[in-house]
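Q: Here it is, the structure in full.
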Amino acid sequence: MYNAKPHQEHDLERLHQQMLQTRLALLVSHGEQGLLATHLPVLLDPHEGAYGTVYAHLARANPQWQVLEQGDEALLVFAGADAYVSPSYYPSKAEHHKVVPTWNYLAVHAYGAVEVIQDAPRLLDIVTRLTDRHEQGRAEPWKVTDAPRDYIDGMLRAIVGIRLPIARLQGARKLSQNRSAEDIQGVREGLATSADHLDNQLAAQMHSL
């Protein structure tokens, strides 16, 4: 992705944190049918491999897994908070009016070749780990073992798993770093007082600048 130097994020721990906070990623690949994309929940193991490894599953009826099976590089997009930045947030607007709107956002792109998983034990492990992750914190967490085993076996036959060892990572952390300290503070305050909760999330991220 295009990413201007002031907005590049290289800290692996921060990149992993953004990936872990993104509940739904976008898997993009290219094959004979052209570009294919699937939105799917993913599970990141940050300790497996140099940059971590991502696990997920697709419907067997989704032709994308057959493209992935060919071993070409795929892309996982982890989109974070984003917000419109109004020129009215900048104190410098009152000085020279040489300001225009922009957009602040967080994003991580993970690249790698995908291993397609079809054996039942590994598929069961993937869906169990994904379920446990999203059920944690509930008063009565649902477990895969709560469902009849023959039913689960049938559901596993309807999916394929994927394992993507990350070969390279790109991080974008566009938080007005190219502006003056006064303009950054103006954007932070403007987003913090917005009625939009995504604006508020972006404002909170700007406190780390």
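Q: Run the helix sum for the chain: -39,500 (n - 2.57) per DSSP H stretch of 4+ residues, divided by residue count, reported at 222 nm to the nearest 500 deg cm²/dmol.
A: -8500 deg cm²/dmol
Q: Let me know the Rg and Dmax you get for region 48-132 when you use only its Cα atoms, in Å.
A: 20.9, 65
Q: Go through T145, T128 and list them by solvent-accessible area, largest first, probe radius 1.4 Å.
A: T145, T128
Q: Let me ask something else. Could you order K174, K5 so the one with the most accessible surface comes first? Probe is 1.4 Å.
A: Descending order: K5, K174.
Q: OK, next. Counting alpha carbon pairs within less than 8 Å and at least 6 residues apart, what relative contact order, in whole percent, applies to the chain?
A: The value is 27 percent.
Q: For region 143-209, what is the accessible area per residue in Å², given a 1.4 Å probe and the full set of protein chains?
A: 54
Q: Under a Cβ-Cβ cut-off of 15 Å, what is the net charge of the residues other than G31 that fall near it, where Lys and Arg count +1 and Asp and Glu count -1?
A: Within the 15 Å Cβ shell, the charges total -4.
Q: Based on a Kirkwood Rh over C-alpha pairs, give the Stokes-Einstein translational diffusion coefficient of region 85-185 at 4 °C and viscosity 1.567 mPa s in µm²/s.
A: The estimated diffusion coefficient comes to 71 µm²/s.
Q: Over region 16-95, what is the relative contact order in whole percent, taking alpha-carbon pairs under 8 Å and six or more residues apart?
A: 33
Q: Just order 96-107, 54-65 by mean Cβ neighbour count inside 10 Å, highest at the front, would you?
A: So the order, starting with the most tightly packed, is 54-65, 96-107.
Q: If I fit a long axis through the Cα atoms of helix 120-135 and take the longest principal axis of the Cα atoms of the chain, what angle between them do I get, 0 to 90°, rounded to 10?
A: 40
Q: Another question, if that's okay. As I understand it, the dipole of the chain uses +1 on the Cβ of Lys and Arg and -1 on the Cβ of Asp and Glu, about the Cα centre. Which of F78, V160, A204 lies farthest toward its positive end?
A: About the Cα centre, the residue reaching furthest to the positive side is A204.
Q: Quick one: 3J(HN,Hα) in Hz for region 106-113, Karplus 6.51/-1.76/1.60 with θ = phi - 60°, rounded, Gly and Pro as x.
A: 10, 7, 10, 10, 10, 10, x, 7
Q: Quick one: how many Å² of L156 are accessible to a 1.4 Å probe, rounded to 10?
A: Per-residue accessible area (L156): approximately 10 Å².
Q: Would you please classify the overall shape of the chain from the alpha carbon gyration tensor, given that a ≥ b ≥ c denote the square roots of the eigenvalues, rounded means a/c under 1.5, and beyond that prolate means a/b larger than b/c while oblate covers the rest?
A: It comes out prolate by the Cα gyration axes.
Q: Over the heavy atoms of S194, what accessible area does a 1.4 Å probe trace out, to the nearest 10 Å²?
A: Ignoring ligands and nucleic acids, S194 comes out at about 30 Å².
Q: Determine ³J(HN,Hα), in whole Hz, for all residues of region 167-176 in sequence, where each value follows from phi through the Karplus function 6.51 cos²θ - 1.76 cosθ + 1.60 and θ = phi - 60°; x replaces Gly and Pro.
A: 8, 7, 10, 10, x, 10, 10, 8, 10, 6
Q: For K5, go through the lysines and keep the ones whose alpha-carbon is under 25 Å away, minus same-chain ones fewer than eight residues off.
A: K93, K98, K174
Q: Past the 14 angstrom mark, what percentage of all C-alpha to C-alpha distances in region 133-209 do you count?
A: 76
Q: Once the Cα atoms of helix 12-21 and of the chain are each reduced to a long axis, what angle between those two axes, in degrees from 0 to 90 to the nearest 10, is obtained?
A: Its long axis makes an angle of about 70 degrees.
Q: While we're here: Helix 181-192 against the longest principal axis of the chain: what's the angle in degrees, Cα atoms only, rounded to the nearest 10?
A: That works out to roughly 60 degrees.
Q: Taking amide hydrogens as modeled 1.01 Å from N in the peptide plane, which residues meet the under 5 Å criterion relative to L175, leaving out close sequence neighbours?
A: Amide H neighbours of L175, under 5 Å, 5+ apart: none.
The values are calculated or read from the model by the stated rules, or taken from the named source; none is laboratory data. Because the structure is predicted, anything quoted here is derived from the model rather than measured. Glycine gets a Cβ as well: all are built from the backbone with ideal geometry, and neighbour counts include every protein chain shown. Heavy atoms of the whole protein, side chains included, go into the accessibility calculation; ligands, DNA and RNA do not. Shrake-Rupley method; radii C 1.70, N 1.55, O 1.52, S 1.80 Å.
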